[in-house]
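Reading through the structure tokens given below for one structure.
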Amino acid sequence: MKRRNFIKKASATGLGLVAASTVLASCDNQEKDKKVTSSGTPVRPLVIATWDTPLAVGTAAEVLQKGGTALEAVEQGCRIEEANEKGQSVGKGGLPDRDGNVTLDACIMNEKGDYGAVLAVKDIKHVISVARKVMEETPHVLLAGEGAKKFALENGFEAENLLTEASKKAWEKWKIKSEYKPIINIENHDTIGMLAIDKEGNISGACTTSGLAYKMAGRVGDSPIIGSGLFVDNEVGGATATGLGEEVLKTVGSFLIVELMRQGKSPQEACEEAIGRIVNKPGKDFKDFQVAYIAVNKMGETGAYSIHEHFSYNLFKDGTNTNIKSDFYNKS
């Protein structure tokens, strides 16, 4: 009898320990979920994009308000800037490389984690749409150069000269000295990166650019590279970058921000830490280049941060489209 009672007590104790550990594990998981999702009511729909891009953001917001997906929204929004010849850093009218050729890079990512990109593409204006076709209609995720152009032409995109007269004159003026130096906040505009949350709560992102002005032929920056110029995880949030791509590539900045949000940081805290990874490197002199990030989490909380001042972003939220100046580091 004593032995039997002992076994019963031991069994009960064991079950109690198992139950307790299960409760504790559940609490831990709930706490993790709280860190990722925050609290309150999710904000939907939402669009956020780099720089002063009200028309692009407004176009994306209209897609969402009509019941379109986040993927459709970011594609249509980015196409607005690709067609804006005055921008000189995206699509037609972009500033050329040292040889006078305008080459474009773009990537797009949906809520499933699918990704498509094209880089160093000549003569095709809407590379964001080409990137989407790569994602949806090929077994690949990235096409480059002539291969990407060939794919675009085969899929109905038209070839056109992307070098406008204004950009050609700027290039010819640059050739007089041929000084290669990144220009901070050129034209108060740069790569457009865009993130959106649709009515279903799904997140997608896109990024498109003509790259660094007067770059070496063949140079590709962060914009079309997954995890650097753009990253989306539908369970957590998304982030996108603008500025000197080489520095973003070295720190895989957009992926870093999403992972920091997964660990419990707010979008703002994550953006600030990602900038810190750049400026706090030993011996790093960041006075001559700009990098900026924007981010959104699953709840629709947003963040933005840059190295230097004058970076801004457009945000469509609660029916309002607003341009907002970003906080910045610049402690030199």
Could you list, bin by bin from short to long, the percent of Cα-Cα pairs of region 45-328 in 10 Å steps? 8, 33, 38, 19, 3, 0
Residue (of 57, 171, 302) at the positive-pole extreme of region 45-328, dipole from beta-carbon charges: 171
Karplus-derived HN-Hα couplings along region 298-304 (A = 6.51, B = -1.76, C = 1.60, θ = phi - 60°), whole Hz, x at Gly and Pro: 4, 7, x, 6, 10, x, 7
Relative contact order (%) - criterion: Cα under 8 Å, at least six apart; region: region 45-328: 22
Residue-wise HN-Hα coupling along region 309-319, computed from phi with Karplus coefficients 6.51, -1.76, 1.60 (Hz; x: Gly, Pro): 6, 6, 7, 9, 9, 9, 10, 9, 8, 6, x
What is the distance in Å between the Cα centres of region 262-321 and region 205-238? 15
What percent do you get for the relative contact order of region 204-332 when only Cα pairs under 8 Å and 6+ apart count? 19
Average projection area in nm² (convex hull over Cα atoms of region 211-306, one quarter of hull surface): 6.1
Counting only residues 5 or more places away or on other chains, whose amide H sits under 5 Å from the amide H of residue 142 once H atoms are built in the peptide plane? 117
Send over the per residue convex hull volume for region 134-243, Cα only, as a whole number of Å³. 155
Cα centre as origin, Lys/Arg/Asp/Glu Cβ charges: region 45-328 dipole, Debye: 640
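Bear in mind that the values in this text are calculations on the coordinates, not laboratory data. Everything numeric here is computed off the predicted structure, so don't read it as measured data. Neighbour counts are summed over all protein chains in view; Cβ atoms, including those assigned to glycine, are modelled from backbone coordinates with ideal geometry.
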